[in-house]
Amino acid sequence: MNKNSSNTMALTPNTSNKRETVCIFGTGDFGRALGHKMIQSGYPVVYGSRSTQISNLIPKDAEVLGHAEAAQKAAIIIIAVQRQHYNFLIPLAEVLRGKVLVDISNNLKLNQYPESNAEYLAQLLPGSKVVKAFNTVSAWALQSGTLDASRQVFVCGDDVEAKQMVMDIVRSLGLTPLDKGSLLAAQEIENYPLQLFPMWKFPIFLSLGLTAFFFFYCLALDVIYTYIYENNNFSFFIAITIPNRVCPVMALVLLALVYLPGIFAAIIQLYRGTKYRRFPDWLDKWMLCRKQLGLIALAFASLHAVFTLVTPMRAFVSWRTSKGIISQALNNKTEPLDNTKAWLSDSYLALGILGFFLFVLLGITSLPSVSNSVNWREFRFVQSKLGYLALILCTAHTLVYGGKWFLSPSAYKWYLPNIYILSLIVPCAVLVVKFVLIFPCVDKPLTQIRQGWERNPKYSE
């Protein structure tokens, strides 16, 4: 009986543990949104403002006082004002001594000042404990509810206890604090919101460059060459035909480029005989953007699937089909079914469907909400083993579909190979080298190196 009673009491919330008052300097959009969220989480909130007049925009359960009076009521003060207005804090130095100041400010451009805003605040008020936090969360996210990556709040500070207090508040708001270390990390944290898709720049520029190259390559061979030498105007190929050739080529090449840096990394580690030396910068950056390359490849594969589905609706396809029927009728001849062509057609379609399915699976598992629900071994199995299987299927899909052009002299217009031949260079190279790397005589020393063995231990220094 006593045991059950104690369990019941343990599960009952302790209403006596009232949360500490939090002070917010600043009644702008973010200050109001953060105050409203804190009130919802059970924190008493007091605003420090030049004007103590209650506004309809201020959360109704919050108190508005002068800066000095508001600061005296709380141990944690959130500075929701811009850096250029920090001077008003100097006369409050004695009131703020020993208190935790949470700097949430951002700048207008990268490295706008020699030091971070948080470090500048610490210099102005050396008696206070400055913590950087909340600058990566928007007022809109606080008001509408946060999802996925917007839950992450980077926190840094020199005082461990102060930083822990702020992280507790972050958790109570339903957000995820990420400890970035001392206040020296504040500049990096402040630069983070100013970077527009930092990990997407290289993949996007690379994709745009390759897309332009393959598009004009197809334009030259399928439209310009045909018009010059065959006097046929196929300029309408620009709308559907050429994009439907560029998209699968881009999807296959980009998927191969996802796994190519891993091949380079393995070769470099085998050559060096150690894993304790940094990869070249270009390889580091390439490996960090593999997810983005894969997602762009999935986008191209999806476009290829859509373009293929609308192909029967095209006027050119209907004309070509009706022309073949009329030709057979006029010649009173019916072409028999070519079983070889039927097998090839069904085979490349089946390979394409299976490859696209695995492509989609790779994209789904890269989403944070999905990847966070699987362990590292499961994630690696999908992204590595199934990823290589997707590359094999997509390469086989292209080989079966474009094989007829490989040995046909008519396919080499202006002595240039067909686009499908070009698309197979990188994927086939990746698969061949990967096949060599899985040989026991190569895989065993590579595994030992990745487990810490060194051929020459001096490199570990």
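Measuring nothing but how far apart in sequence close Cα pairs (under 8 Å, 6+ apart) lie, relative to its length, the stretch 200-451 scores a relative contact order of 26 percent.
Averaging sequence separations of C-alpha pairs under 8 Å and six or more residues apart, then dividing by the length of the chain, give the relative contact order as a whole percent. Write down the numbers at each step before the final one.
Values: 564 pairs, mean separation 51.5, N = 461.
This gives 11 percent for the chain.
For residue 65, the solvent-accessible surface with a 1.4 Å probe is about 20 Å², rounded to the nearest 10.
Placing a pseudo-label 7 Å from each Cα along the Cα-to-Cβ vector at residue 437 and residue 357 gives an inter-label distance of 2.7 nm. Using a probe of 1.4 Å, the accessible surface attributed to residue 397 totals some 40 Å² when neighbouring protein chains are kept in position.
For the stretch 22-194, the Kirkwood estimate of hydrodynamic radius, built from reciprocal distances between every pair of different alpha carbons, is 15.9 Å.
Points 7 angstrom from Cα along the Cβ direction at residue 115 and residue 323: gap in nanometres? Once both label points are built, they end up 7.6 nm from each other. Here's the list of lysines a cross-link from residue 434 could span, going by alpha-carbon distance under 18 Å and ignoring same-chain residues fewer than 8 apart: 385, 444. Labels on offer are (1) 1.13; (2) 0.96; (3) 1.26, and the one holding Rg/Rh (Cα atoms, Kirkwood Rh) computed from this structure is (1).
Relative to the longest principal axis of the Cα atoms of the chain, helix 160-172 runs at roughly 60 degrees. Computed over protein heavy atoms with a 1.4 angstrom probe, the accessible surface ordering of 120, 412, 227, largest first, is 227, 412, 120.
For the chain, take the longest principal axis of its alpha carbons; what is the angle in degrees between that and the long axis of helix 241-272, to the nearest 10 within 0 to 90? Relative to the chain, helix 241-272 is tipped by roughly 70 degrees. When 348, 276, 43 are compared by accessible surface with a 1.4 Å probe, the order from highest to lowest is 276, 348, 43. Each of 206, 153, 420 was scored by the projection of its Cα onto the charge dipole of the chain, and the greatest displacement toward the positive side belongs to 420; charges sit on the C-beta of Lys, Arg, Asp and Glu. Is the shape of the stretch 91-178 rounded, prolate or oblate, going by the alpha carbon gyration tensor and its root eigenvalues a ≥ b ≥ c, with a/c under 1.5 for rounded and a/b larger than b/c for prolate? Oblate, because a/c is 1.5 or more while a/b does not exceed b/c.
Close Lys pairs in the stretch 22-194, defined as Cα atoms under 16 Å apart and 8 or more places apart or on different chains, number 9.
Taking all protein chains as they are arranged and a probe of 1.4 Å, the heavy atoms of residue 241 leave approximately 20 Å² accessible to solvent. Stretching the chain fully between residue 176 and residue 29 yields a gain of 50.8 nm (0.36 nm per residue, less the alpha carbon separation). Label sites at residue 192 and residue 374, each approximated as a point 7 angstrom past Cα along Cα to Cβ, lie 2.6 nm apart.
Can you compute the helix-only [θ] at 222 nm over the chain? Use -39500 (n - 2.57) per DSSP H run of at least 4 residues, normalise by all residues, nearest 500 deg cm²/dmol. Kindly include the intermediate steps, with their values, before the conclusion.
On the way: 21 runs with 251 residues, N = 461.
One gets -17000 deg cm²/dmol as the mean residue ellipticity at 222 nm.
For residue 276 and residue 451, the difference between the fully extended length at 0.36 nm per residue and the C-alpha to C-alpha distance is 61.9 nm. Centre-to-centre separation between the Cα atoms of the stretch 162-176 and those of the stretch 256-280: 39 Å.
Between residue 200 and residue 41, 0.36 nm times their residue separation minus their Cα-Cα distance comes to what?
Values: separation 159, 0.36 × 159 = 57.24 nm, distance 3.57 nm.
The residue 200-residue 41 span can extend by a further 53.7 nm.
Here the stretch 374-449 and the stretch 225-252 have alpha carbon centers that stand 25 Å from each other. If R0 is 25 Å, what FRET efficiency do you get for residue 330 and residue 229 from their C-beta distance, rounded to 0.05? According to the calculation, E is roughly 0.35. For the set 282, 140, 200, the ranking by accessible area, highest first and with no ligand, DNA or RNA atoms included, is 140, 282, 200 under a 1.4 Å probe.
Anisotropy class assigned to the stretch 366-459 is oblate, per the alpha carbon gyration tensor with a/c at or over the 1.5 cut-off and a/b no larger than b/c.
Can you return the aspartates and glutamates within cross-link range of residue 404? Criterion is Cα-Cα under 19 Å, with same-chain partners fewer than 8 residues away left out. Counting by Cα, and skipping residues close in sequence, residue 404 has these aspartates and glutamates nearby: 222, 338, 346.
The values are calculated or read from the model by the stated rules, or taken from the named source; none is laboratory data. Note that the coordinates shown come from a computational prediction; the quantities given were computed from them, not determined experimentally. Cβ: placed from backbone, ideal geometry, glycine included. Neighbour counts: every protein chain shown. Heads up: the accessible areas ignore ligands, DNA and RNA and are worked out on the full protein's heavy atoms, side chains in. Shrake-Rupley method; radii C 1.70, N 1.55, O 1.52, S 1.80 Å.
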